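Encoded as C-alpha cells, the structure appears first; notes follow it.
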Amino acid sequence: EYYEQALSLAREKKVRSSESYPLLGLSNMEIKRGNFEKAIEYLEQSLAVTREVKDRRREATILLSLSNCYQRMGRIDKAVEYSKMNLAIWRELGYPPSIGMALNHLAQAERKRDPAAARAYVEESQKIWEDLRRSLVTTQSRTQHAANVLNTSKLYTELLFRQNQAEPGKGLDALAFESSEFQRARSLLDLLAEAGADIRQGVDAALLERERTLVEQLSEKARLLTRAKPEEAESLKKEIVQLETDLERAQAAIRKASPNYAALTQPQPVKLSEIQAQLDADTVLLEYSLGAEGQDQSYLWAVTPNSLTTYELPKGQDIEKSAREVYELLTARSTNKPGETAAQKQARIIEAEAKLPSAAKELSRIILGPAAAQIGGKRLVIVADGALLYIPFTMLPDPATGGTQPLVVGHEIVSLPSASTLVFQRKELAGRQPAPKMLAVIADPVFDRTDVRFKTPVPEPAVNDASKRAANADTRTLEHIADPSATENGRLVIRRLPFTRQEADGILALVPKNSSFRETDFKANRSNVLSGDLAQYRYVHFATHGVMDSERPGLSALVLSTVNADGKPQNGFLRANDIYNMKLPAELVVLSACQTGLGKEVKGEGLIGLTRGFMYAGAKRVVVSLWSVNDKATADLMTTFYRGMLKNNERPAAALRAAQIEMWKQKKWQSPYYWAAFTMQGEYR
C-alpha cells in the first residue's frame, strides 16, 4: 500500500528518478508471494526508469533481481541473459567485490545447464576474492571475508563434483577436495603462520603497549557487563564494540610495522598428496562439506594414504536438523528451561535419553553410513562442518556393527579444524623440544565472597523464582556458565565446582612434585596464568567454568578467581584475546570446563573459540568440551585419562579413548552425556 502511494506521488510530481524505488519494493513483495510474473512486470518498469536516468548501480541491482526471478521460474536462458548484463555493468564500473558477486550469480544460473562454463565463472570469481583478501589486514575482516565467499566455494565443489561424474578420471574430485579444504583452513593458517613468525618482534614498544592496554580495557568492560544492570548494559556494549574496533586497528598497525609479518608468505593451498603423506595405513580422514542454501546435496571425502573417495550426502539443512536434534537430546541434563520444576526436568531428561539412541543412529546412518566399508577398525580424523561441529563422533553408533555400540569402542577419534592445519603444524613444530617440566594444573578458583574458603564468608542471598528469572536475563551474554542460578542487585553468582579439587589432586598425584605446578583457590587467578610460568610445562590443565560469547568470540573465557584473598573483586576472566598473546608451547592443553570447544560459528571457518587461541599460543593439541559437563564424572574421566598418558605412556588420543570407554562401561556413567563431551583437536601422533 505504501509502495503504491510512493509510486503515485513520484509520478504525480514527475520525479522520474524516484519511481524506481517503489517499483523495486513492489517487485520484492511479489517475489515474497511467489508471484514472479508480476514481480518481473515491476522490475521491467523499474529497469526502464533507471536506464533513462542513467543510474548504473541500480540498473545492475534490478538486472540481478530479474535473473533470480527467471531462475526460480526455470527460465535458465533468461536468467543467464540478465546475469550477463549485470556482470557487464560491474565490469564497466570496475568494482571488484560486485564483479565477484556477479560472476557467482552467473555461475549459479548456469550450474545445471553448462557446468563447465559455470566453473570458469567461479574460478574467475575466486581469483578476485583472493586478490581482495590480500589487502585485508585485520583478523576480523579476513574471517568475515571467508564467510562472504563460502557460497562461492561450495558452488565450486558442486560444479567439480558434477563434472567429475560426467568426466571421471580427470582428477576433478581431488581438485574439489583441495579447494574446499583451503577455504576452510585459510584464516587459521594465516594465524598459525603469524604465531610461528613472532610478528611482534621488532615492533615499536608503544604499539605493543597500546595493544596490551586495549586487551585489558576490553576484558574489564566485558567483566563489568556480566554484572551490569539492564540499564547499564547497553552503554557497556557500545564501549565494548568501540574497544574491539580499536584493538583490531592496533593489531593491524602491528602487522604493518612488523618486519617478520612483512616477510611472511601467504599460505598456499595444500595438495591432496601432502595431506595423504601425513596419514598412515590405520587412519582415515573424513572431511565434510554441508551444502549451502539452494544446493541439493552435501559431500563427504574419505581420504587414506593412497585413495580419495567422494560421497554425496543429503541437503545441508537436513543434516543440520538431524545434528541439532542429537545435540539437544545429548545436553538435556545440562539445560534449564524457564519455570520448569525439578520433576518436569527429570521427566524431560528421561524422555531425551529414550529418544537419543534412535536419533544418533539416524545421524550416523546419514553421515557415516556411506563410508562404513572404509572406516572399519581405523583411526578417524574428523573435519566437520556446520552443526556437525557440535557433535562428538565418539558417541555415534558404529555403522559397521548396525547396533548401538558407540564409535569410540572400535575407533580412535580426533578432530581437526582442517586437514591443512595438521600439515602446517607438523612442519612448524618439527624438532621442537618438549618443555622441561611435566604438568601444570589450574583448578577450583574462588568466584564469590560467599565462598567457604573465606574465614568469614558472606551469606549467600536467598534465591526465589524472581531472582532466578533475573539471573536468566542478566546472563544472556554468558551463554554457557554452568548453573548461573542467582543474582543479587544484578550481580552474577557463579557456582563453585567442588569436584575440580578432586580432579586436580588425582592428576597431580601422578607426577613428582618437583615437576608439577599447582594453582588452586585464590592463586588460580588471571595474573598467575599470564605470568609466563606455564610455558615450562608439557601438559597444562584448566578445571573451571567456561564462558562462551557467540557474538564476540575474542571475549570467550575461562573463569578464574574473580575475588582475591581480601575479598576484593578482580578480573578473573582469561579471555581468548589474552590467550592469543600467551607463549604456551605445550604438548597438550586440557580445558576441563563447560563448553570450551564452542564459540562463534563463522561460515567457512568452523567454530572460533578458545581452541584456536591455544593453538595460536603454541599448543600442539587441545582437549575441549562441547557441553556443560558433570564435574564428578569429569574428575573420574580426567584422572583415568592422565593415568593413561603419564603412567602407561599412551598417546593423548589413545589415552582419552581408553578413559571414555572405561566410563561407558560403568552403568552410572554409561550415558554419553557423562563421557562424550570431551574431544581432542590437533596432533594425534
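The values are calculated or read from the model by the stated rules, or taken from the named source; none is laboratory data. It should be emphasised that the depicted structure is a prediction, and the values quoted were computed from it without experimental measurement. Note that we place each Cβ from the backbone using ideal geometry, even for glycine, and neighbour counts take in every protein chain shown. Note: areas computed on protein heavy atoms with side chains; ligands, DNA, RNA excluded. Shrake-Rupley method; radii C 1.70, N 1.55, O 1.52, S 1.80 Å.
Note on the range 360-408: residues that are without any contact (Cβ under 8 Å) to a residue 60 or more places away in the chain and acidic (Asp, Glu) total 2. Close Cβ contacts (under 8 Å, 6 or more residues apart or on different chains) running from residues in the range 147-158 that are within 14 Å of Leu175 (Cβ to Cβ) to residues that are at pLDDT below 70 and surrounded by 18 or more Cβ atoms within 10 Å (Cβ to Cβ) comprise Ser153/Gly604.
Within the range 333-340, is there a residue that is in a helix (DSSP H, G or I), of a type outside the set (S, T, N, Q), closer than 30 Å to Phe161 by Cβ and open to solvent by 10 Å² or more (accessible area, probe 1.4 Å)? Within the range 333-340, none of the residues are in a helix (DSSP H, G or I), of a type outside the set (S, T, N, Q), closer than 30 Å to Phe161 by Cβ and open to solvent by 10 Å² or more (accessible area, probe 1.4 Å).
Exactly one residue out of Gly339, Gly376, Gly369 is more than 25 Å from Leu656 (Cα to Cα), small (Gly, Ala, Ser) and over 20 Å from the mean Cα position of the chain (by Cα): that is Gly339. Note on the range 273-283: among residues that are in contact with a strand residue (DSSP E or B) (Cβ under 7 Å, 6 or more places away or on another chain) and surrounded by fewer than 22 Cβ atoms within 10 Å (Cβ to Cβ), the one that is nearest to Ile366 (Cα to Cα) is Thr283. Annotation note: Cβ proximity below 6 Å between a residue of the range 275-291 that is in contact (Cβ under 8 Å) with a residue 60 or more places away in the chain and farther than 14 Å from Ala302 by Cα and a residue that is open to solvent by less than 10 Å² (accessible area, probe 1.4 Å) and assigned to a strand (DSSP E or B) (sequence gap 6+ or interchain) occurs for Leu290/Ser298; Gly291/Ser298. Based on what the data block shows, is Lys455 modelled with pLDDT under 85 and not hydrophobic (A, V, I, L, M, F, W, C)? Judged against the criteria, Lys455 is a match.
The residue pairs whose first member lies in the range 338-353 and is under 22 Å from Gln670 (Cα atoms), whose second member is open to solvent by 60 Å² or more (accessible area, probe 1.4 Å) and polar (S, T, N, Q), and whose beta carbons are closer than 9 Å, counting only pairs six or more residues apart or on different chains, are Lys345/Asn336. Here the condition is being of a type in the set (Asp, Glu) and surrounded by 16 or more Cβ atoms within 10 Å (Cβ to Cβ); of Glu248, Glu234, it holds for Glu248 alone.
Restricting Glu12, Glu19 to residues that are over 30 Å from Ile128 (Cα atoms) and crowded, with 20+ Cβ neighbours inside 10 Å narrows the list to Glu19. Taking the criterion of being open to solvent by 20 Å² or more (accessible area, probe 1.4 Å), in a loop (DSSP other than H, G, I, E, B) and in contact (Cβ under 8 Å) with a residue 60 or more places away in the chain, the residues of the range 513-540 that qualify are Phe522, Asn525. Scanning the range 642-653 for residues that are in contact (Cβ under 8 Å) with a residue 24 or more places away in the chain and either open to solvent by 30 Å² or more (accessible area, probe 1.4 Å) or closer than 16 Å to Lys665 by Cα (or both) returns Arg643, Leu646, Lys647, Arg651.
Filtered by the rule that a residue be aliphatic (A, V, I, L, M), part of a loop (DSSP other than H, G, I, E, B) and open to solvent by 30 Å² or more (accessible area, probe 1.4 Å), the range 654-685 gives no residues. Restricting attention to the range 270-311 and to residues that are in a strand (DSSP E or B) and over 25 Å from the mean Cα position of the chain (by Cα), the residue that is farthest from Ala176 (Cα to Cα) turns out to be Thr304.
Considering only the range 100-121, I want to know if a residue exists there that is assigned to a helix (DSSP H, G or I), without any contact (Cβ under 8 Å) to a residue 12 or more places away in the chain and basic (Lys, Arg). No, that holds for no residue.
In the range 542-568, the qualifying residues are those that are surrounded by 23 or more Cβ atoms within 10 Å (Cβ to Cβ) and in a strand (DSSP E or B), and the one that is modelled with the highest pLDDT is Phe542. Taking each residue of the range 565-584 that is among the acidic types (Asp, Glu) and looking for partners that are assigned to a helix (DSSP H, G or I) and modelled with pLDDT under 90 with beta-carbon atoms closer than 8 Å, six or more apart or interchain, yields Asp578/Val215; Asp578/Ser219. Here's a check for you: in the range 388-425, which residue that is open to solvent by 30 Å² or more (accessible area, probe 1.4 Å) and hydrophobic (A, V, I, L, M, F, W, C) is farthest from Asp280 (Cα to Cα)? Checked the range 388-425; the qualifying residue farthest from Asp280 (Cα to Cα) is Leu389.
Can you tell me which of (1) open to solvent by 50 Å² or more (accessible area, probe 1.4 Å); (2) modelled with pLDDT under 80; (3) part of a helix (DSSP H, G or I); (4) farther than 24 Å from Leu416 by Cα is the one Arg223 doesn't meet? The number of the failed condition is (1).
From the list Ala48, Ala79, Ala102, Ala88, the one residue that fits, being out of contact with any Lys or Arg (no Cβ under 9 Å at 6 or more places or on another chain), open to solvent by less than 60 Å² (accessible area, probe 1.4 Å) and closer than 23 Å to Val149 by Cβ, is Ala88. Does Arg501 qualify as being at pLDDT 85 or above, within 27 Å of Arg432 (Cβ to Cβ) and basic (Lys, Arg)? Against the criterion (at pLDDT 85 or above, within 27 Å of Arg432 (Cβ to Cβ) and basic (Lys, Arg)), Arg501 does not qualify.
When Ile254 is tested against the conditions (1) crowded, with 18+ Cβ neighbours inside 10 Å; (2) touching a Ser or Thr at 6+ places or on another chain (Cβ under 6 Å), the lone failure is (2).
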